[in-house]
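**Student:** Here it is, the structure in full.
Here, each number is a calculation from the coordinates, and none is a lab measurement. Computed from a predicted model, the values in this text were never measured in an experiment. Cβ placement follows ideal geometry from the backbone for every residue including glycine, while neighbour counts extend to all protein chains displayed.
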Amino acid sequence: MTAVHIAGAGMVRFGKYDPAVTFEKLAVEAARNALRDAGAHRRDIEAVFVGHVFGGPVAGQRVATELGLGGRPVSNHENYCASGATALREAWMAIRAGLCDVALVIGVEKMTDRIKGGVTPDANDLDAQQGYVMTAGHALSARRYMHDHGATREQIAMVAVKNHAHSRHNPYAQYQRPVTLDEVVNARRIADPLGLLDCSPISDGAAAAVVCSATGLKRLGLPTDRPEVRAIGLVSGTLRAGLGDINEEDISRRAGLQAYDMAGIAPEDIDLVEMHDCFTIAEIVRLEGLGLVPKGQGAAWTAQGRTSIGGALPVNPSGGLLSRGHPVGATGMAQVCELYWQLTGQAGQRQVDGARLGLAYCKGGTVSGTDGASVTTVVMSS
Amino acid sequence: MSAPMSSQGLSAIAETAAPASRPLRDGLLQTDPPRLLGSACRACSTRLFPARDFCPACGSDDVEGGVPLATAGTVYSFTVVRQAPPGRETPYSLAYIDLADGVRVMAQVTGDPDALRIDMPVQLDIRPVGRRDGCDLIGYVFVPSLLPEAA
C-alpha cells in the first residue's frame, strides 16, 4: 500500500478573533502556511479536503476559491470535533487509492461569533432535550470516575495544570500562561464537579497540512523521509444496553486497536500523544480506553507527572485543547501539525526527546444511548 | 395524546384541533399510568430506552416495543449544570438514573441539588417540561424518593 507522508504543516494561532477575521481568512492563512512549509505551489495541489462543523454549506469550496484552488475536487467533512482528522483520513484514503499524489487538508472553525454558552448535541437528540450539554456529560463521567477509582478532584484538575504548563512554549496556543491547581479547583463552576478551567474554550482557528505519496514528495522536491501517516482509525459509538461503566470507553478501545493493528505497533511503542482533552476528565478516561494507561490510574498518573513532558508518556505537549484552544473542526489538524513538528524536531522548548512515534486522538459529538459519535486515531512516525 | 402526525394526511391535520399537550417525542412515554416506554428483546430480555426495533445486546430483530419500564431507580451519576446555552434556565440537576429493570435513563432530577448522591433512590414523574406551538410538551423527570415531593 502506498505510504502517505506529511510534506508540510501550518496553522494560525488559535484564539478569539475579530468578526472581520472570517472563517475563510483563517483557513486561507493556515493553508498558505502549510503550502509554504511544504514548498508547494497551487499547481501542485490535486484535491482539497476540509473539516469543519459550523462553516455552513460548501465552506470548503469558499476557501478553495480564495486559495485559487477552484476546479479541483473539494469536499467538506463533518464529524463534530473529529472533523479535521476525518478530512485527513479522506485525503489519506485518496492517496492510498492512487487517486492523487498531493492533497491539501484543512481543519477550520470560526466559533466566537456563533457559539454562546458551550456546544451541545443536535437539538433532535433525546439527551439534548433533557438539558445535556457537553460539559454535563463530562461532569457525569468525572463524578463517577472519582466514585469508582478513588480519584480526587485535585488529581483531575492537574490535567489542566499540566497542559497549561506545556502551552507556555506553544506560539500557536490560545493560552500561553501557566495556571495553578488552586485556580483550576476554585474557578467558576460550570457543571459540578467541573469548573471553567476544566473546559476547553470556545475558539477560532485553522490548521492545515500538505499530504503526499512518495511520488508527490518527489514532485515537490522533498526528501522521502518526511513524517509518515502510518494509520488512521475511525469508529463510531455503539448503543450501550444495561448498566455498565460510563467510563468504559469501548469506543476509544476499538479506535486504538484499529490504528495499532493497521500501523503494526503496540500501544507501548508510542512516544507521545496529542489527546482530545476537551475536558480534563476526558484526557484521563480516553488514555485508559486506548490502553495507554491502566484502568483507573489516569488521574494518579497525571498528578505524578507521568504524562508531562519529561514523563514516561508525554500527553499534549502542545497544551491540548484546554490551552491551545478548541475550534472544533480545526483541532484534529492542529494535533497533526503538533505531531509533525515533534517528529521533525521543530517543537522548540516543548520538544519531546526521542519523539519517533506519535498518536493523535479526537472524539467528536455524542448520540443519545451510545458511548460517543466518532473517534479518530492518527498514528504518525518520523 | 395525539397519534403521530406523520401517519395522517394533510387534510386530517388541518381539521384536527391543536392538542392541549403532547409527548416530547412519540412513543416515549404514557401518562396513565405514568411510565416510560421502552423495548424488550424476546431473545435475550435486554430492555432499552427509548425503544428500538432491534436489540443492540444480541443483535436480534425479535423485539417488543411499547414496554412500560420500571418507575423506581437510583442515581448512577449526577451533575448540577450552572452554565448552558441561551434558552435554558440554570442551575438544573442532570443525572443518569439506573431503573430497577436494568435500563439507564438520562434525565433531570428535581429537589435540592446539594442533597444529590450516587445510589440515592429516585422515582419517575411524567410532567410538562416545556411548551411548543401552543401546547404543553410532556416529558419526564426523577424525584428523590425520600423527599416530601415524591409522596
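**Student:** About the Cα centre of chain A, what is the dipole size in debye to 20, counting +1 per Lys and Arg Cβ and -1 per Asp and Glu Cβ, all else neutral? Before the final figure, lay out each step's value.
**Tutor:** Values: 36 positive and 39 negative charges, 148 e Å.
Around 720 debye, computed over chain A.
**Student:** Under the definition of partner shielding as Cβ atoms of other protein chains within 10 Å of a residue Cβ, what is the mean value for peptide B:83-90? Spell out each step's value before the answer.
**Tutor:** On the way: counts 11, 11, 7, 2, 1, 4, 1, 5.
Counting Cβ atoms of other protein chains within 10 Å of each residue's Cβ and averaging gives 5.
**Student:** Anyone know which of A:Val352, A:Val50, A:Val210 comes out most mobile in the 10 Å Cα GNM of chain A?
**Tutor:** Of A:Val352, A:Val50, A:Val210, the most mobile in the Gaussian network model is A:Val352.
**Student:** Based on alpha-carbon positions alone, could you give the equivalent ellipsoid semi-axes of segment A:37-171 from the gyration tensor, as √(5λ), descending, whole Å? Write down the numbers at each step before the final one.
**Tutor:** Details: eigenvalues 264, 80, 45 Å².
Calculated on Cα positions only, the semi-axes equal 36, 20, 15 Å.
**Student:** Please arrange B:Met120, A:Met333 by counting, for each residue, the other beta carbons lying within 10 Å of its beta carbon, fewest first. Provide the component values of the computation, followed by the final result.
**Tutor:** Values: B:Met120 16, A:Met333 34.
Listed from fewest to most nearby Cβ atoms, that is B:Met120, A:Met333.
**Student:** Now for a different question. Per the helix-only calculation at 222 nm, which mean residue ellipticity applies to chain A, given -39500 (n - 2.57) for every DSSP H run of n ≥ 4 and division by its residues, nearest 500 deg cm²/dmol?
**Tutor:** Values: 13 runs with 133 residues, N = 382.
Rounded to the nearest 500, the figure is -10500 deg cm²/dmol.
**Student:** Pick from A:Gly348, A:Gly320, A:Gly195: which residue has the top mean-square fluctuation in a GNM of chain A where Cα pairs under 10 Å get a spring?
**Tutor:** Maximum fluctuation in the GNM of chain A, among the listed residues, is at A:Gly348.
**Student:** With contacts defined as alpha carbon pairs under 8 Å and 6 or more residues apart, what's the relative contact order of chain A in percent?
**Tutor:** In percent, rounded to a whole number, it is 26.
**Student:** Quick one: helix A:153-167 against the long Cα principal axis of chain A, what's the angle to the nearest 10°, folded into 0 to 90?
**Tutor:** It works out to around 30 degrees.
**Student:** OK, next. Based only on the alpha carbon positions, what is the Kirkwood hydrodynamic radius of segment A:252-382, in angstrom? Don't jump to the answer; show the numbers that get you there.
**Tutor:** Values: mean 1/r = 0.0682 Å⁻¹.
Across segment A:252-382, the inverse of the average 1/r is 14.7 Å.
**Student:** Here's another thing I want to ask about it. Over the whole of B:102-109, what's the average partner chain Cβ count within 10 Å per residue? Rounded to a whole number, please. Present the calculation step by step, with values, prior to reporting the outcome.
**Tutor:** Numbers: counts 3, 3, 7, 4, 11, 4, 3, 0.
Averaged over the peptide's residues, the number is 4.
**Student:** Would you mind ranking A:Lys110, A:Lys116, A:Lys16, A:Lys25 so that the residue whose beta carbon has the fewest other beta carbons within 10 Å leads the list?
**Tutor:** On the way: A:Lys110 28, A:Lys116 11, A:Lys16 15, A:Lys25 18.
Starting with the residue having the fewest Cβ neighbours, the order is A:Lys116, A:Lys16, A:Lys25, A:Lys110.
**Student:** Quick one: give the max-minus-min coordinate of the C-alpha atoms of segment A:180-242 along each principal axis, largest first, in Å.
**Tutor:** If we take the Cα atoms of segment A:180-242, the spans are 54, 39, 21 Å.
**Student:** Quick one: plug the Kirkwood hydrodynamic radius of segment A:97-212 (C-alpha pairs) into Stokes-Einstein at 10 °C, 1.306 mPa s, and report D in µm²/s. Could the numbers behind the result be given before it?
**Tutor:** Numbers: Rh = 16.9 Å.
Approximately 94 µm²/s, per Stokes-Einstein.
**Student:** Once you have the Kirkwood Rh of segment B:26-69 from its Cα pairs, apply Stokes-Einstein at 10 °C and 1.306 mPa s and quote D in µm²/s.
**Tutor:** Details: Rh = 10.2 Å.
Roughly 155 µm²/s, to the nearest whole number.
**Student:** Which value in Å does the Kirkwood hydrodynamic radius of segment A:75-133 take, with 1/r averaged over all unlike C-alpha pairs and then inverted?
**Tutor:** Numbers: mean 1/r = 0.0721 Å⁻¹.
Taking every pair of different Cα atoms in segment A:75-133, averaging 1/r and inverting gives 13.9 Å.
**Student:** Taking the alpha-carbon distance from A:Lys16 and a cut-off under 17 Å, which lysines remain once sequence neighbours fewer than 8 residues away in the same chain are dropped?
**Tutor:** Straight-line reach from A:Lys16, under 17 Å: A:Lys25, A:Lys110, A:Lys116.
**Student:** Hey, in the GNM for chain A with a 10 angstrom Cα cutoff, which one of A:Ala209, A:Ala128, A:Ala157 fluctuates hardest?
**Tutor:** The residue with the greatest mean-square fluctuation here is A:Ala128.
**Student:** If neighbour count is taken as other Cβ atoms inside 10 Å, put A:Lys295, A:Lys162 in order from fewest to most.
**Tutor:** Values: A:Lys295 15, A:Lys162 28.
Result, fewest neighbours first: A:Lys295, A:Lys162.
**Student:** Next question. Would you mind getting the Kirkwood hydrodynamic radius of chain A from its Cα pairs, rounded to one decimal in Å?
**Tutor:** Working: mean 1/r = 0.0494 Å⁻¹.
Value: 20.3 Å, from the Cα pair sum.
**Student:** Between A:His41 and A:Leu99, what is the label-point separation in nm under the 7 Å Cα-to-beta-carbon projection?
**Tutor:** With each label placed 7 Å out from Cα toward Cβ, I get 2.6 nm.
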